[in-house]
Amino acid sequence: MRYDGPIYRPPSEADSLLVQATVGCPHNLCTFCMVYKDGVKFKVRPVAEIKADLDEAAATYGSRVRTLFFPAGNTIAMPVAALAAICRYSYTLFPLLARITVYGSSQYIHRKGPDQLQTLAQAGLGRIHVGVESGDDVILTRIKKGATARDHIRAGQMARAAGLDINAYVIVGIGGQDRSETHARETARVISDMQPAVVRLRTFVPKVNTPLLADVQAGRFQMLSPLQALTETMTLLSHITTPTQVTSDHYTNYLDIAGRLPEDRDAMLEALRRALGRDESTFRPFFIGTQ
Ligand code: SF4
């Protein structure tokens, strides 16, 4: 098995087979992201090479593989014929395979269009993890996400129409103090229109080697305090109107909030209200992320 550059996977893919289909990220501009800032260039691995890695994995783990994740950042950007080919091939190798997942930003999803997304779904791609980060266009521009709120919504709707699950990532605090309320409300609006199967919450932590860390250190970006982050999360959860699963499966969060909307909304809001009564010093301290 060959790996090239940093390999990241969602926590929900902890038990998955990881076979690298792409290297780096074709966007690589997000101001909060350190993953590929050390110069790894985006490339798509040759299909024959990916198939050879799949063959090797099948020889070792064949009957045990139930889920498969193709890293790296924005693998959805690879040509549809190649991605569909490796998806189809995987199902021939792993008899119990139930799900194939990739990372994909909204701009690359909606560039694929309905027909190509349907081709991927028919080939067995099941889920795309999408970094929405925010639904506020001012923030999306500031963080250089490369997608607008409208792109997020169109990508979510296109993917769902094709039969693909969307897991949407939201970064609490990514708008800083000046846009916290707007960030929460606009993100709730975008999530409600995207209708992802799961919303995954992360809390903004400045990472080494990123423009946003420089902004934090220079005082140009005012981070939220723990209580402000929890207040923002309350506003977000209060305004999401689509049924969806919420999870906080990440070390950056101040509180582990999980449940289904709308059924568990009151319980999640109550947990947040209780946490708002805690002293700020009882939450995790500020730190600079290195991974
Ligand atoms: S699209 Fe994802 S991997 Fe690429 S720079 Fe942005 S956050 Fe990082």
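Of the residues making up region 57-84, those that are assigned to a loop (DSSP other than H, G, I, E, B) and within 16 Å of the ligand (Cβ to nearest atom) number 5. Taking first residues from region 110-134 that are free of Cβ contacts under 8 Å to residues at least 40 places away in the same chain and partners that are charged (D, E, K, R) and buried (at least 19 other Cβ atoms within 10 Å of the Cβ), the Cβ contacts under 9 Å between residues at least 6 apart in sequence or on separate chains come to Thr119/Lys112. Ala98 meets the conditions (1) of a type outside the set (Val, Ile, Thr); (2) under 30 Å from Ser63 (Cβ atoms); (3) modelled with pLDDT under 95 in every case but one. The failed one is (3). For region 21-51, a tally of residues being surrounded by fewer than 15 Cβ atoms within 10 Å (Cβ to Cβ) and either more than 16 Å from the ligand (Cβ to nearest atom) or not in a loop (DSSP other than H, G, I, E, B) (or both) returns 4.
For (1) more than 21 Å from Gly175 (Cβ to Cβ); (2) polar (S, T, N, Q), each residue gets a yes or a no:
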position: Gln217; (1), (2): no, yes
position: Leu227; (1), (2): no, no
position: Glu232; (1), (2): no, no
position: Val246; (1), (2): no, no
position: Gly259; (1), (2): yes, no
position: Asp279; (1), (2): yes, no
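Selection of region 96-123 for residues being part of a helix (DSSP H, G or I) and touching an Asp or Glu at 6+ places or on another chain (Cβ under 8 Å) yields Ser106, Gln107, His110.
The values are calculated or read from the model by the stated rules, or taken from the named source; none is laboratory data. Remember, predicted model here, so these are calculated numbers, not experimental data. Ideal geometry is used to build each Cβ from the backbone, glycine not excepted, and the neighbour counts take in all protein chains shown.
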